[in-house]
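Novice: Here it is, the structure, as structure tokens.
The values are calculated or read from the model by the stated rules, or taken from the named source; none is laboratory data. Since the structure is predicted, the reported quantities are computational estimates derived from the model, not experimental observations. Backbone-built Cβ (ideal geometry, glycine too); neighbour counts: all protein chains shown.
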Amino acid sequence: MSDIHSERILILDFGSQYTQLIARRVREAKVYCEIFPFNAGLDKVKAFRPKGLILSGGPSSVYDSGAPLIDKAHIELGIPVLGICYGMQLLTHIEGGMVAKSTKREYGRAELSIHENEGLFAGVGEGGKAVVWMSHGDRIEKMPDGFSAIAHTDNSPTAAMADEKRKFFGVQFHPEVAHTPQGVQILRNFVYGICGCKPTWNMASFVEFSVGEIRKAVGSRQAVCGLSGGVDSSVAAVLVHKAIGKQLTCIFVNNGVLRKDEAEKVQETFKDMGLNLKYVDASAKFLDRLKGVEDPEKKRKIIGNTFIEVFEQEAHHVGGAEFLVQGTLYPDVIESVSFKGPSAIIKSHHNVGGLPEKMKLKLVEPLRELFKDEVRAIGREMKMHGDIIDRQPFPGPGLAIRILGEVTGPRLRILREADAIVIEEIKKAGLYRDIWQSFAVLLPIKTVGVMGDERTYENVVAIRAVTSQDGMTADWARIPYELLGVMSNRIINEVKGVNRVVFDISSKPPSTIEWE
Ligand code: XMP
């Protein structure tokens, strides 16, 4: 086994919204880490062979009935432990200290006074002071034996504590969030200095490792991959192709709700890269089934089910395929093991949901340990074209959830043209990579306008552009008025059937990114 996985940190998740951020910070330090739910068995924890353990924050109090608890054996593995917020309280609770239940939360910025600039705090804090982000109710009333305070704030006499002998640490604040500017340094001190990890996690070694693993798993058998043209499935396909070459057949289904010229572009790109690509134009079938359907969830279901049907049929023609390649990413994996279960489903998000169970294929998911930015880095490592790697996300149900109401041919034509203008202008302005998603939406209303001397009664297009880290929350992008002006002029002048353009200035939450 290559050594990319030998230097590793385990993060136990107690339900904090920031747990993934901890993992990202550790990975950014080129040290491999994974998140396990707090109730992962001791055997599983030991089998992971971590060099250090991080206990995440979480919304509970250690005294709550049903609070996520672990026992002593989990932390007494002979490796360093860092407890963050709830993790620190839990460490205190387990080791025989006292946690005080408090009704008042300490929330927001705080000034941390660091007692010694060493160990966890080596190189942190000017004049012994550092800004940190607090978000906790309970506090440490009495530290367990062997611990001493290594930092305090006005409100928390024990804002950080350490048992240097056993290398157990606790911090009341959140080093993983951007509001703790030197938090990255603190986590790196833990990972490098205290756990002794070396920065071995990099994209070249991942590709090499992964290619070997895929070869071992697939052998001389056949695999299929549903290619959407998006970043995840594209990188997964290229990686698997690198491993097994022509034993991989990619199936690209045109579902009739793709963007302008997309079907042609995807085919060109992947054929150029030497992939075995099967193009299936099933647009008539999809559009026929979408006739008269207005409900967004119904549209999603129809598109999802029809995709499975078409894909299954095509895959059968690929002689004896036993494997299905999917671009599943780490955030999907973590969500599915979370002890609280998947977060409430607001929209049914599934690209190819149901495929593996129905088709009895074994899954190949080479990206299931990676975050999105790592997937992009892998793509770059494999010399994939920037057009694919830097692509903004595009939903599986495509333009169908951007045409409010019924999806029809004429409406698709209008939306495709308007959307192409939005993307073209965003790219021209150099904003495409900074914006998470930018697109056009066709509204189901008509408004009055005037063109020349004529009164018009035509469609309205909304421009949606958001910034985001992961699509979970998003803010509307502050794109310049001039650019909005150019897009609006072009859409109204060039797209027949549109006489008004509006800009969506809603954030998520409470709105969503897509309109349906
Ligand atoms: P919302 O609209 O929920 O979207 O804020 C969050 C992210 O998910 C994408 N999205 C989907 N992706 N199938 C998908 O594959 C879907 O049904 C779907 N709905 C939304 C959306 O584009 C954004 O990136």
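Novice: Just one of (1) within 17 Å of K167 (Cβ to Cβ); (2) touching a residue at least 24 places away in the same chain (Cβ under 8 Å); (3) surrounded by fewer than 20 Cβ atoms within 10 Å (Cβ to Cβ) trips up I11, so point out which.
Specialist: Going through (1) within 17 Å of K167 (Cβ to Cβ); (2) touching a residue at least 24 places away in the same chain (Cβ under 8 Å); (3) surrounded by fewer than 20 Cβ atoms within 10 Å (Cβ to Cβ) one by one, I11 breaks only (3).
Novice: Specify the residue that is farthest from V486 (Cα to Cα); the eligible residues are those in the range 392-426 that are surrounded by fewer than 16 Cβ atoms within 10 Å (Cβ to Cβ) and of a type in the set (D, E, K, R).
Specialist: The selected residue is E406.
Novice: Something else now. Search the range 64-89 for residues being farther than 24 Å from V131 by Cα and in contact with a strand residue (DSSP E or B) (Cβ under 9 Å, 6 or more places away or on another chain), and hand back the single one that is surrounded by the fewest Cβ atoms within 10 Å (Cβ to Cβ). Before the answer, list the steps.
Specialist: Residues of the range 64-89 that are farther than 24 Å from V131 by Cα, as a first pass: 64-80.
Next, only the ones that are in contact with a strand residue (DSSP E or B) (Cβ under 9 Å, 6 or more places away or on another chain) stay: 68, 70, 74-75, 77, 79-80.
Details: P68: 21, I70: 19, H74: 21, I75: 21, L77: 16, I79: 18, P80: 22.
The selected residue is L77.
Novice: Could I ask something else about it? Counting only residues that are exposed (fewer than 15 other Cβ atoms within 10 Å of the Cβ), closer than 24 Å to P59 by Cα and modelled with pLDDT of 90 or more, how many does the range 102-140 have?
Specialist: 3
Novice: Report, ordered by the first and then the second residue, all pairs with beta carbons closer than 7 Å, sequence separation of six or more or different chains, a first member in the range 498-516 that is closer than 25 Å to P410 by Cβ, and a second member that is near the ligand (Cβ under 8 Å from one of its atoms) and in a loop (DSSP other than H, G, I, E, B).
Specialist: That search, which allows pairs on different chains as well, returns E514/P395.
Novice: Related question: Being among the charged types (D, E, K, R) and more than 16 Å from the ligand (Cβ to nearest atom) is the filter; apply it to the range 384-413 and report the residue that is nearest to E262 (Cα to Cα).
Specialist: Within the range 384-413, the subset among the charged types (D, E, K, R) is 387, 390-391, 402, 406, 411, 413.
Among the residues that remain, those that are also more than 16 Å from the ligand (Cβ to nearest atom) are: 387, 406, 411, 413.
Numbers: D387: 12, E406: 22, R411: 17, R413: 13 Å.
Step by step, filter the range 384-413, then rank; the result is D387.
Novice: Just wondering, is there one or more residues in the range 444-462 that are free of Cβ contacts under 8 Å to residues at least 60 places away in the same chain, closer than 20 Å to V231 by Cβ and either crowded, with 17+ Cβ neighbours inside 10 Å or of a type outside the set (S, T, Y) (or both)?
Specialist: Initial filter on the range 444-462 (free of Cβ contacts under 8 Å to residues at least 60 places away in the same chain): 444-462.
Subset that is closer than 20 Å to V231 by Cβ: none.
No: zero hits.
Novice: Of all residues in the range 152-167, which are within 24 Å of G78 (Cα to Cα) and surrounded by fewer than 18 Cβ atoms within 10 Å (Cβ to Cβ)?
Specialist: Once the filter is applied, which keeps residues that are within 24 Å of G78 (Cα to Cα) and surrounded by fewer than 18 Cβ atoms within 10 Å (Cβ to Cβ), the range 152-167 yields E164, K165, R166.
Novice: Looking at (1) more than 16 Å from the ligand (Cβ to nearest atom); (2) modelled with pLDDT under 95; (3) surrounded by 15 or more Cβ atoms within 10 Å (Cβ to Cβ), which is the one condition that is false for F371?
Specialist: Among (1) more than 16 Å from the ligand (Cβ to nearest atom); (2) modelled with pLDDT under 95; (3) surrounded by 15 or more Cβ atoms within 10 Å (Cβ to Cβ), F371 violates only (1).
Novice: Among the residues of the range 439-457, is there at least one that is among the aromatic types (F, W, Y), away from the ligand (no atom under 16 Å from the Cβ) and outside any helix (DSSP H, G or I)?
Specialist: At the first step, the residues of the range 439-457 found to be among the aromatic types (F, W, Y) are 439, 457.
Imposing the further condition that a residue be away from the ligand (no atom under 16 Å from the Cβ) reduces the set to 457.
Within this subset, residues satisfying the condition of being outside any helix (DSSP H, G or I) are 457.
Yes, the range 439-457 contains a residue that is among the aromatic types (F, W, Y), away from the ligand (no atom under 16 Å from the Cβ) and outside any helix (DSSP H, G or I).
Novice: Pick from G108, G66, G96, G123: which is at positive phi and more than 32 Å from the chain's Cα centre (by Cα)?
Specialist: Details: G108 fails: more than 32 Å from the chain's Cα centre (by Cα); G66 fails: more than 32 Å from the chain's Cα centre (by Cα); G123 fails: more than 32 Å from the chain's Cα centre (by Cα).
Result: G96 is the single residue among G108, G66, G96, G123 that is at positive phi and more than 32 Å from the chain's Cα centre (by Cα).
Novice: Is it fair to say D163 is charged (D, E, K, R) and closer than 25 Å to A29 by Cβ?
Specialist: yes
Novice: Residues of the range 477-516 being under 30 Å from L21 (Cβ atoms) and more than 12 Å from the ligand (Cβ to nearest atom), which ones?
Specialist: Passing the criteria: A477, R478, I479, I505.
Novice: Let me ask something else. Of the conditions (1) at pLDDT 75 or above; (2) within 11 Å of the ligand (Cβ to nearest atom), I346 satisfies every one except a single condition; which number is it?
Specialist: Only one criterion is unmet by I346, namely (1).
Novice: Let me ask something additional. Residues A477, A429: which one is surrounded by 17 or more Cβ atoms within 10 Å (Cβ to Cβ) and without any contact (Cβ under 8 Å) to a residue 60 or more places away in the chain?
Specialist: Just a single option satisfies the conditions, and that option is A477.
Novice: Of all residues in the range 313-325, which are closer than 22 Å to G256 by Cα and surrounded by 14 or more Cβ atoms within 10 Å (Cβ to Cβ)?
Specialist: E314, A315
Novice: Does S56 meet the test of being in the same structural domain as E95 (by TED's automatic domain parsing) and either among the hydrophobic types (A, V, I, L, M, F, W, C) or touching a residue at least 12 places away in the same chain (Cβ under 8 Å) (or both)? Walk me through it before giving the result.
Specialist: Details: in the same structural domain as E95 (by TED's automatic domain parsing): yes; either among the hydrophobic types (A, V, I, L, M, F, W, C) or touching a residue at least 12 places away in the same chain (Cβ under 8 Å) (or both): yes.
Yes, satisfied.
Novice: Does the range 309-332 hold any residues that are within 14 Å of the ligand (Cβ to nearest atom) and aliphatic (A, V, I, L, M), and which are they?
Specialist: In the first step, residues of the range 309-332 are kept if they are within 14 Å of the ligand (Cβ to nearest atom); the result is 326-329, 331-332.
Matches in the range 309-332: L329 only.
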